[in-house]
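Encoded as structure tokens, the structure appears first; notes follow it.
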Protein chains: 2
Amino acid sequence: MPREADGNSTNFYIGLTLAILSTIFIGASFVIKKKALIKLSQYGTRAGEGGYGYLKEWLWWAGFFSLGFGETFNFAAYAFAPATLVTPLGALSVLVSAVMSSYFLRERLNLHGKIGCMLSILGSTVMVIHAPAEAEVTNLNTLSHMLLEPAFITYGVIVIIISLVLIFYYGPKYGKTNILIYIAICSMIGSLSVMACKGLGLSLKQTFGGDNQLTNLLTWFLLASLVACVTVQMNYLNRALDIFNTSIVTPIYYVFFTTFVISASAILYKEWELMTPKDIIGTLSGFLTIVFGIFLLHAFKDVNFSLSSLPTFMRREEPKETHLVNGSTTSLLQDPPSEEEVVR
Amino acid sequence: MPREADGNSTNFYIGLTLAILSTIFIGASFVIKKKALIKLSQYGTRAGEGGYGYLKEWLWWAGFFSLGFGETFNFAAYAFAPATLVTPLGALSVLVSAVMSSYFLRERLNLHGKIGCMLSILGSTVMVIHAPAEAEVTNLNTLSHMLLEPAFITYGVIVIIISLVLIFYYGPKYGKTNILIYIAICSMIGSLSVMACKGLGLSLKQTFGGDNQLTNLLTWFLLASLVACVTVQMNYLNRALDIFNTSIVTPIYYVFFTTFVISASAILYKEWELMTPKDIIGTLSGFLTIVFGIFLLHAFKDVNFSLSSLPTFMRREEPKETHLVNGSTTSLLQDPPSEEEVVR
């Protein structure tokens, strides 16, 4: 949180609000779209089988626009608040969609899911109160100098070389067995997308403020980089999701992506110079708390735990009764999940 | 963390170090004692059956002194650092004992236990960086005025009245079925013990500094209160542990005890006046993170999870294969815990 209550601080709160709104819209969009597809499957060809009936369903369009708003707010958030804040908060969209799913799609959230959600919120809170005050970059000229600093150039070159090696050498060989290959590519290239996104946001802010930057070559370079990076990123994210289970891809991707974005942002904006040791410790603690939250939310998704399966642990019982197989754990199995939850 | 680097700040770090040392000694003491009792059970009457053979075992004495050192450091920590810091850090002793058990007693820590440990550390870290700078109380005279402030008197009276009602009315009726009754008594009376403990620490510090306080009536009043409160507290904690499972008593007791100590400390030392909203949010987030950590460490203690039981979730498999009962959860049962872990 910026230490001085100046214009920078107002920007921080605008960015924070936009980031939170974006996670709500993005999280909701998944649930709304899924609800639309379930509704449609009752009277038409399913999307997975090539049907286009969903285009006539207002609920599907609601989901589409919800995602659109969400992504727009996310883009805008990057223009106002530091990437070190906006990116980790993305975790909240997983949470919004998990909570909404349990209400609207009757997909039960197990005890681990609930604890995971709470931890993500706690970790995000800690990250927000320790977010760095962003270096004041008000125009594209300053940014162009920062982009050309040796440290950032080195970061960009290393990231691109490693990605190319992964894409052309390790990807074809190990991509289908090692989950980290494709995720590493998305995350490294993704950190460049975010930096391009922030630059473009700055350019638009300046243009809307009356100082036209559409004639500035840098604007077009940033746009081209953004399109290129997002294309690569989406391509490899889809491959990873296609080969591996979403429950495992999501948390790993979150950790890698956030780590690279924070690194890139720290290098480009020299954020560490603005952070006290306390803030750095707080940011790391908050981030790790979110990581554990996301892990709990996903890794045990298909196991049916609930608080009501715990009271069997609560009373001291005869040794025979508390035996794992006879007593407690069987209660975890007594209520099998619906087909919906299992096949995923 | 105190904002100015004065004597108060040095005290803070002395207190923090003492608090951490105390959790290490206390956590270790449980493990050492248990190891001694296991060793003894191989060639003598078990302690549970009235044997005194343990008195001849050096390992048992090592455990005894480890606990003694731990409690002394804990007492001393209260004299230097705010209770709002020292009490929550007590959670780390659970963690030290869990980690040491897995090494020295071969009691396996499951995946939840490991995540719980990490979360307790993260939460403690966040609490430490947001701990309030304690109001400078350097002599017993100042403390006596603070103890007589209406707010603290009101707190003390309310806590004692509620405890008496619980002890004489609800305890006999519901104490054996409702886990919260005895825990509430220990926690409320415990918050008074901690305040008495801090006062006594101050008195000793002053006495060792050359200003004899052993002639001060308040010292003896504090000592009497401490003995009385600790006696009540231990009595009801033992009752709770006797009736209910340790795995459930420990986390609930931790939450209640810490909450009451923080409240009492905040009221007596007016700590909120020294904390920014950021610090209050940080303290609460850190505390809740520890609570979830302790919960994970305890509530799933008897369930056999490990990271290696997860890879069954990782690959996209045929729907039939990923079915809960056929596939994933059975792997949780494939390796039943030893009798040692189950009967508790």
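The values are calculated or read from the model by the stated rules, or taken from the named source; none is laboratory data. Quick caveat, the model's predicted, so the values are computed rather than measured. Note that each Cβ is placed from the backbone with ideal geometry, even for glycine, and that neighbours are counted across all protein chains shown. Only protein heavy atoms, including side chains, enter the accessible area calculation; ligands, DNA and RNA are left aside. Shrake-Rupley method; radii C 1.70, N 1.55, O 1.52, S 1.80 Å.
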Relative to the isolated chain, which residues of the range B:226-270 have their accessible area cut by 20 Å² or more in the presence of all protein chains (1.4 Å probe, heavy atoms, no ligands or nucleic acids)? B:Ile243, B:Phe244, B:Asn245, B:Ile248
Carbon/sulfur fraction of accessible area - the range A:246-287, other protein chains in place, 1.4 Å, %: 81
Area projected by the alpha carbon convex hull of the range A:170-274, averaged over all directions, nm²: 8.2
Which of the three applies to the range B:75-141, rounded, prolate or oblate, going by the alpha-carbon gyration tensor with a ≥ b ≥ c and a/c under 1.5 meaning rounded? oblate
Averaged over peptide A:286-299, how many Cβ atoms belonging to another chain are found within 10 Å of each residue's Cβ? 4
May I ask you to derive the relative contact order of the range A:147-254, considering only C-alpha pairs under 8 Å and at least 6 residues apart, and to give it as an integer percent? 30
With all protein chains present and a 1.4 Å probe, the order of A:Trp272, B:Trp58 from largest accessible area down is B:Trp58, A:Trp272
Apply the Karplus curve 6.51 cos²θ - 1.76 cosθ + 1.60, θ = phi - 60°, to the phi angles in the range B:68-74 and return the couplings in whole Hz, x for Gly and Pro. x, 4, x, 5, 5, 4, 4
Note down the nm distance, to one decimal, between modelled labels 7 Å out along Cα→Cβ at A:Lys173 and at B:Leu241. 5.7
Ranked output for segments A:69-76, B:64-71 by mean other Cβ atoms within 10 Å, highest leading, reads A:69-76, B:64-71
Per-residue ³J(HN,Hα) for the range A:11-17, Karplus 6.51 cos²θ - 1.76 cosθ + 1.60, θ = phi - 60°, Hz, x for Gly and Pro: 3, 4, 6, 4, x, 4, 4
For the pairing of chain A with chain B, what total accessible surface becomes buried, with a 1.4 angstrom probe, in square angstrom to the nearest 100? 5100
Would you mind giving the mean number of other chain beta-carbons within 10 Å of the Cβ of each residue in B:23-31, as a whole number? 0
Taking a crude spin-label model, label points 7 Å out from Cα along the C-beta direction, the A:Ile280 to B:Thr17 distance in nm is 2.2
Å² of accessible area per residue within the range B:150-247, as computed with a 1.4 Å probe and no ligands counted: 49
From the protein chains alone at 1.4 Å, what is the descending order of accessible area for B:Arg239, A:Arg106, largest first? A:Arg106, B:Arg239
Give me the inter-chain shielding for A:109-119: mean count of other chain Cβ atoms within 10 Å, whole number please. 3
To the nearest 0.05, the calculated FRET efficiency linking A:Asn212 and A:His145 through their beta-carbon distance, R0 being 30 Å, is 0.90
